[in-house]
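The values are calculated or read from the model by the stated rules, or taken from the named source; none is laboratory data. These numbers were taken from a predicted model, which means no experiment stands behind them. Cβ coordinates were reconstructed from backbone atoms using ideal geometry, including for glycine residues, and neighbour counts include every protein chain displayed.
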Ligand SMILES: [Zn+2]
């Protein structure tokens with residue numbers, strides 16, 4: 001829990017409103033402090049809602065608006081005024097669950113970056129092979145005897161690369177993770193081949 005959650009659990013908007021001098025009617029209605037309000041049009045309980053101006057929120061929002069504070073200042077004011085035993089020095093301290101969620105998100109983000117790179121390499125290599133198959137095809141028996149190595153490479157690999165792109169684009173996340181783990185060697189090789197082919201051409 002962060003300090004906002006702790007404060008909200010300890011103090012209701014109703015508690016804060018009465019503490020700061022807002023008069024509550026029996027039905028938990030009060031004159032709205034955020035717009036000129038002659039008849040009580042704000043409902044205050046754990047949260048607040050004004051049927052006149054639409055002001056709405058929790059106890060932190062209420063104190064923010066009432067005193068013109070930031071959320072953190074509002075939380076600290078409530079902690080001080082209500083004498084709450086809440087540590088204000090580490091307002092955003094992470095719980096074990098927060099950390100776990102965070103590292104899960106980071107793993108997922110790293111996976112998506114890796115997948116994006118892998119797809120880029122595979123598509124680029126596919127284009128190279130596709131062009132080689134089209135442009136370097138032997139036209140005479142002599143050429144066929146001694147055909148371009150990139151043409152042979154294209155014949156050998158293009159279906160596999162096509163299949164890999166298809167798998168990565170269309171399978172479930174779990175399958176993609178397994179797939180990238182299984183084929184990371186191939187993807188590294190593809191990346192190296194693209195660099196070599198581009199070097200040959202320049
Ligand atoms: Zn109002």
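Restricting to segment 11-21, name every residue that is surrounded by fewer than 17 Cβ atoms within 10 Å (Cβ to Cβ) and either under 41 Å from the mean Cα position of the chain (by Cα) or within 15 Å of the ligand (Cβ to nearest atom) (or both). Even if it seems obvious, please write down each step before you answer.
Of the residues in segment 11-21, the ones surrounded by fewer than 17 Cβ atoms within 10 Å (Cβ to Cβ) are 15, 18-21.
Once the filter is applied, which keeps residues that are surrounded by fewer than 17 Cβ atoms within 10 Å (Cβ to Cβ) and either under 41 Å from the mean Cα position of the chain (by Cα) or within 15 Å of the ligand (Cβ to nearest atom) (or both), segment 11-21 yields 15, 18, 19, 20.
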Checklist entry - Which of the residues that make up segment 45-62 are away from the ligand (no atom under 11 Å from the Cβ) and either surrounded by fewer than 16 Cβ atoms within 10 Å (Cβ to Cβ) or over 27 Å from the mean Cα position of the chain (by Cα) (or both)? => result 45, 46, 47, 57, 59, 62
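Residues are listed down the side, and each one gets a yes or a no for (1) buried (at least 16 other Cβ atoms within 10 Å of the Cβ); (2) within 16 Å of the ligand (Cβ to nearest atom); (3) at pLDDT below 95:
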position	(1), (2), (3)
23	no, yes, yes
64	yes, yes, no
81	no, no, no
99	no, no, yes
108	no, no, yes
128	yes, no, no
Next on the checklist: Please go through segment 161-182 and give me each residue that is surrounded by 14 or more Cβ atoms within 10 Å (Cβ to Cβ) and touching a residue at least 24 places away in the same chain (Cβ under 8 Å), ordered by number.
Outcome noted: 161, 162, 164, 165, 168, 176, 177, 180
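From the list 43, 89, which one is in the same structural domain as residue 18 (by TED's automatic domain parsing) and outside any helix (DSSP H, G or I)?
On the way: 89 fails: in the same structural domain as residue 18 (by TED's automatic domain parsing).
Matching residue, one of 43, 89: 43.
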Checklist entry - Do we have residue 38 as part of a strand (DSSP E or B) and more than 10 Å from the ligand (Cβ to nearest atom) here? => result no
